[in-house]
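Enquirer: Submitted below is the structure of interest, expressed as structure tokens.
Read-outs throughout are calculated quantities, based only on the coordinates presented, and are distinct from any laboratory measurement. Only a predicted model underlies this, so the values are computations on that prediction, with no experimental measurement involved. Cβ: placed from backbone, ideal geometry, glycine included. Neighbour counts: every protein chain shown.
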Amino acid sequence: MTRTVSGMLAGLALALLAGHAAAQDSIKIGVTQPLTGAFAASGNYVAQGAKLAEEEINKAGGVLGKKLQLVIEDNKSNPTEAVATAEKLINSDKVPVLMGAWSSTLTLAVMPKLEEYQVPMLVETSSSGKITTSGNPFVFRISPTSEMEAKAFAPLFKTMNIKKADFLATNNDFGLGASKEFSQAAKANGVEVGVMETMDPKATDFSAQLAKIKSSGADTLFVTTAVEQITLILKQAKDQQLPQKIITTGGSNSPDQLIAQAGDAANGTYHLVFFTPWFPEAVKNADVAKQFVALWNDKKFNVGGLTEGFRGWDGIHVIAAAISAAGKADAAAITKALWDVKVKGINGDISFIKQGPSGKESAQNVPSVYLIKIENGKVTRQ
Amino acid sequence: MDQLLQHTVNALILGGSYALLGIGLTLIFGIMRVVNFTHGELYAFGAYMMYMWVMLAGTNFYLALVLAVITGIGLGAMIEVVLLRRLRGADIDTTMLVMIGAWIALQNLEQFTWSGVAKSISTPFPASPLVLGPISVSWNRLFVFVVASALIVATYALIHKSKLGKAMRATFQDRDTAALMGVEINRIHTATFALGSGLAAAAGALLGPVFVAYPSMGDLASLKAFAIVILGGLGSIPGATAGGFILAFMEELGAGYVSSGFRDGMGFLLIIAILLVKPTGLFARRERIG
């Protein structure tokens, strides 16, 4: 008995030592994503994309002669948990840089901790304007803000012959921010703004909102939320025979998943996306996009996840480039180096501009935005 | 006017499924006095069973519905026998903690088994809705409404007219006396919990195809079910039915005419108002069970 226990202890000690040795030969990157809870599907796709990047970078020799090692934590789609994961990654795993935290609400919750511990975070998905305008110099965002998205869309108000638009958004930083930016852009382009409706982020029944929208007299409905709610909205809009054409914003709208799950109700709808895996040749860095799609398919990951997964890939590549430029895995050096990175990403060339109050600027990338339409169960370019 | 008509139809249909969720919980929470946090998970379980039978096994839709309810009853019976039987006589805090544990475990099991991606379930109903002038409603929702109404009536009859129902009411009114009269207490506890769970699974199996199935779908369902039961009065089936419809109308009209941002808040506002006037809920008479 005693022998078994001491044997086990020795084994444990060895394992710990081995783990320690391995840790010294690698550079850690902390990732906080919603792997469970309401945003679980999207969070897992981003994590899968990040792991593909880790694998590919390590295959090519790693960074600074060391292997990259992702430490991925589950923030459970919950802001309190998001803060806890960030503290755990920074204090216990000693990561010099983070990537996260998917939704705007989760990212905003983590941000004060970045300032407290002086650790930079690459923001891969969130789109609320507040993230880069609140004066947090440790935020580096590669995803577009709702304002950028609305600006990119602005010329289409005329092209698509939109006269009056309604808005339906999920009741959080992401949805409300997008509704505000898009309705302002609409007004600036001479489009009348109809009703502005919201829904609880957990809601599954939108009959009341849709009944109101149905009789508003608008020709277009802008919807901002994640793919799960979009699926239900498309189905219910068809049930209630909404006359409006539907445009979804925010890029978390996975058209493949909509086609699979909303079926016929997805036909004729428009979606703003930040990556077009259906025609990777059309994006700026087609070679990177094709490589990513091939790796994703090799792993037999869900095709519907490509439009989320690319964020993880781009994010980890940007962080790897910054570590490499910094010359050491140190939070302050990486923060400094991130400002000068230039990375050929799936979503175009990634580099950062300054946003927010002077002296405390946050970093913002200017990404590409594409409009696609679903027709006869297929994605078409617009 | 057209908008009001559409709201009314929507609220009626939504109310039917709320009522179904409510009566299942009122049996367990109202009559058995078990604060059942797994109610929403049984709802999710029903939806996933539907997904499994219809989408993976290719079973007939209506047969799948029956199978989903039967497996729901089975899971409910298992929870009662494995967890609650040992806790009989334990205080409410202990039972509550165990049920919270079961809730988390079940939800994570769902996530582990089916992954986080929402699953849609196809139905045999026509894709285009039923249109009557300015109102339109999907066939699937109409079907849910009809079946839910039938289940509510059947449950009421079971509790109030059958021998099993009488034994249930007797057991939870006075366990010792019921036992002395020859009622098998353990069997009644299991049957009541299983019946309530089966109704939750039925709600999930009916609504899964209307919405989609995803692991955390039970959370909101649970919350609404508790609200409905408290609104209607603990243990009252007519109360839970009325509660379900009142909540649905409040949400529909509140969102349609006041603000959709407070859609879920509207229902709770009403509950607070009603409880201020009638603290036992709408239909419960003092300490009467059934």
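Enquirer: Please report, in whole Å, how far the alpha carbons of segment B:186-244 spread along each principal axis, starting with the longest.
Expert: 33, 28, 16
Enquirer: While we're here: Could you give the distance between the Cα centres of segment A:284-326 and segment A:126-204, to the whole Å?
Expert: Spelled out, the Cα-based centre of one part sits 26 Å from the other.
Enquirer: Between B:V117, B:V144, B:V35, find the one with the highest GNM mean-square fluctuation for chain B; connect C-alpha pairs within less than 10 Å.
Expert: B:V117
Enquirer: Per DSSP helix of 4 or more residues, -39500 (n - 2.57); summed, then divided by the residues of chain B. What does that give at 222 nm, rounded to the nearest 500?
Expert: One gets -22000 deg cm²/dmol as the mean residue ellipticity at 222 nm.
Enquirer: Related question: Taking the Cβ-Cβ separation of A:K378 and A:Q184 as r and a Förster radius of 30 Å, what is the calculated FRET efficiency to the nearest 0.05? Could you put the intermediate results ahead of the total?
Expert: Working: r = 33 Å, r/R0 = 1.10.
The formula returns an efficiency of 0.35 here.
Enquirer: Relative to the longest principal axis of chain B, what angle (0 to 90°, nearest 10) does the C-alpha long axis of helix B:2-25 take?
Expert: It is inclined by approximately 20 degrees.
Enquirer: At 25 °C and a viscosity of 0.890 mPa s, what translational diffusion coefficient does Stokes-Einstein give for segment A:148-273, taking Rh as the Kirkwood radius over Cα pairs? Give it in µm²/s as a whole number.
Expert: Reported coefficient: 173 µm²/s.
Enquirer: Please compute one quarter of the surface area of the Cα convex hull for chain A and express it in square nanometres.
Expert: Details: hull surface 82.8 nm².
Projected area, direction-averaged: 20.7 nm².
Enquirer: Which one, B:S259, B:I135, B:L231, projects farthest toward the positive side of the charge dipole computed for chain B from Cβ point charges (K/R +1, D/E -1)?
Expert: The residue sitting most towards the positive pole is B:L231.
Enquirer: With the cut-off at 1.5 for a/c, could you classify the protein assembly as shown from its C-alpha gyration tensor as rounded, prolate or oblate?
Expert: Cα axes put the protein assembly as shown in the oblate bin.
Enquirer: How much FRET efficiency would the formula 1/(1 + (r/R0)^6) give for B:N60 and B:M181, where r is the Cβ-Cβ distance and R0 is 51 Å, rounded to 0.05? List each step's numbers first, then the result.
Expert: Details: r = 43 Å, r/R0 = 0.85.
About 0.75, to the nearest 0.05.
Enquirer: What is the local net charge at A:A150, summed over the other residues whose Cβ is closer than 10 Å to its Cβ (Lys, Arg +1; Asp, Glu -1)?
Expert: Around A:A150, the charge tally is -1.
Enquirer: How tilted is helix A:227-239 with respect to the longest principal axis of chain A? Cα atoms for both, answer in degrees (0 to 90, nearest 10).
Expert: Approximately 20 degrees, to the nearest ten.
Enquirer: To continue, here is another question. Against the longest alpha carbon principal axis of chain A, how many degrees, from 0 to 90 and to the nearest 10, is the axis of helix A:306-326 turned?
Expert: Tilt relative to chain A: about 40 degrees.
Enquirer: Select from A:F206, A:F222, A:F140 the residue whose mean-square fluctuation is largest in a Gaussian network model of chain A (Cα-Cα springs shorter than 10 Å).
Expert: A:F206
Enquirer: Within segment A:120-143, whose backbone N sits under 20 Å from a point 7 Å along Cα→Cβ of A:S358?
Expert: Of the residues in segment A:120-143, A:132-138 have backbone N under 20 Å from the label point off A:S358.
Enquirer: So, one more: Taking a virtual spin label 7 Å from the Cα of A:K344 along the C-beta vector, which residues in segment A:273-293 bring their backbone nitrogen under 17 Å of it?
Expert: The answer is A:280-293, whose backbone nitrogens lie closer than 17 Å to the label point.
Enquirer: Could you compute the net charge surrounding B:V183? Neighbours are other residues with a C-beta less than 14 Å from the C-beta of B:V183; K and R count +1, D and E count -1. Don't skip to the end; give the middle numbers.
Expert: Numbers: positive: B:K163, B:K166, B:R169, B:R175, B:R187; negative: B:D174, B:D176, B:E184.
Result for the neighbourhood of B:V183: +2.
Enquirer: Could you work out which residue, out of A:I259, A:I346, A:I316, moves most in a Gaussian network model of chain A, that is, has the largest mean-square fluctuation with Cα springs under 10 Å?
Expert: Among A:I259, A:I346, A:I316, the largest mean-square fluctuation in the Gaussian network model of chain A belongs to A:I259.
Enquirer: Sum -39500 (n - 2.57) across every DSSP H segment of at least 4 residues in chain A, then divide by the residue count to get the 222 nm mean residue ellipticity, nearest 500.
Expert: -14000 deg cm²/dmol
Enquirer: Taking N as the number of residues in chain B, what value does Rg over Cα atoms divided by 2.2 N^0.38 Å take?
Expert: 0.99
Enquirer: Let me ask something else. Treat each spin label as a single point 7 Å out from the Cα along the C-beta direction, and report the A:N91 to A:L64 distance in nm.
Expert: 2.5 nm
Enquirer: How far apart, in nanometres, would the label points at A:Q118 and A:E281 be if each is projected 7 angstrom from Cα along the Cα-to-Cβ direction?
Expert: Going from the A:Q118 label point to the A:E281 one covers 5.1 nm.
Enquirer: Okay, moving on. Using DSSP to define loop residues, name the trypsin sites (Lys or Arg not before Pro) in segment B:46-124 whose beta-carbon has at most 13 other beta-carbon atoms within 10 Å.
Expert: B:R88
Enquirer: Using the Cβ atoms and a cut-off under 12 Å, what net charge is assigned to the surroundings of A:A40, where Lys and Arg are +1 and Asp and Glu are -1?
Expert: -3
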